[in-house]
Amino acid sequence: MLNHPTLDRLNELGLFGMAKAFAELMASGDATTLTVAEGLGLMLDRESSYRNDKRLASRLRYAKLRHQAVVEDVDYRVARNLDRALFQKLITGGWIDAHDNIIFTGETGLGKSWLACALGHKACRDNRSVLYTRIPKLFDELALARGDGRHAQRIRTLIRVDVLILDDWGLQPLDAQARHDLLEIVEERYGRRSTIITSQPPVERWHDLIGDPTYADAILDRLIHNAHRIELAGDSIRKTRRTTKKD
């Protein structure tokens, strides 16, 4: 007779993981074989797992990662010049604690965005806040936000997140307002947060893409000198896979 009131009380308290574990114990009859400490420990473990899963789901929704990528699925056999030792070191997350950046460069189709999202997913699993955005879309959004009064709030969001993923850098030169916004973001994040950037143009061309030499020097100083640089090279993975399927 105690089963239903106990379940109700656990659910009322928001202990949904414990409630599910308790219901399963009652249904299976295993409750009679466990000590009080063992049963309580099992339910606490289930509650902890439930809350961790819920927090992870929330972080992933907030991150809006472009790819459903996980570091366990990285294929090191693909010929793209991916330094396995370096990437596995990055997986541990020490670069986030050190507030370092990561820069992926290379031609299209080499998996830059996918690898960035895999590291972003791992950061979410490690209880970090992550946000993904494409550079062209970001500056369009900031321009609109400036018109309706949301600009300052949007900038604060970009500044505060633990890991900011800026995808598709360098597809087009920056205009004056984009340069100003980018400098504000990287200036406030420098030494406090970590940023991942993916880019087709190599770093050596970034100065020209930013346009204004003064802004370029300031932006690149805050992005590059503490960055782990991964320069991918080789044939497009997407193209290779399409060819393989046809064969």
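What follows is calculated from the coordinates using simple rules that are stated; it is not laboratory data. From a predicted model like this one, the values you see are computed outputs, not experimental measurements. Here the Cβ is made from the backbone with ideal geometry for all residues, glycine too, and neighbour counts use every protein chain on show.
Centre-to-centre, using Cα atoms only, segment 104-137 and segment 31-58 are separated by 32 Å.
Put in order of Cβ neighbour count within 10 Å, fewest first, the listed residues H4, H228 become H4, H228. Which net charge results for the neighbourhood of G211, defined as the other residues with beta-carbon distances under 14 angstrom from its beta-carbon, given Lys and Arg at +1 and Asp and Glu at -1? Neighbour charge sum, excluding G211 itself: -3. What is the sum of charges around Q200, taking Lys and Arg as +1, Asp and Glu as -1, for the other residues whose C-beta is under 9 Å from the C-beta of Q200? Surrounding charge for Q200 is -1.
For helix 112-125, what angle does its Cα long axis make with the longest principal axis of the chain, in degrees from 0 to 90 and rounded to 10? That helix lies at roughly 30 degrees to the long axis.
In plain terms, the residue of H67, H121, H225 with the fewest other Cβ atoms within 10 Å comes first and the most crowded comes last, giving H225, H67, H121. When you restrict to C-alpha pairs under 8 Å that are six or more residues apart and normalise by the size of the chain, the relative contact order lands at 24 percent.
Evaluated with a Cβ-only charge set (Lys, Arg +1; Asp, Glu -1), the chain carries a dipole of roughly 500 debye about its Cα centre, given to the nearest 20.
Principal-axis analysis of the Cα atoms of the chain puts helix 36-63 at an angle of about 30° to the longest axis.
Taking 22 Å as the limit for the C-alpha separation, the pairs K64/K137; K89/K122; K54/K112; K64/K122; K54/K122; K64/K89 exceed it in the case of K54/K112; K64/K89.
Counting neighbouring Cβ atoms within 10 Å and putting the fewest first, the residues K122, K89 line up as K89, K122. Summing Lys and Arg as +1 and Asp and Glu as -1 over all other residues whose Cβ lies under 14 Å from the Cβ of N226 gives a net charge of +1.
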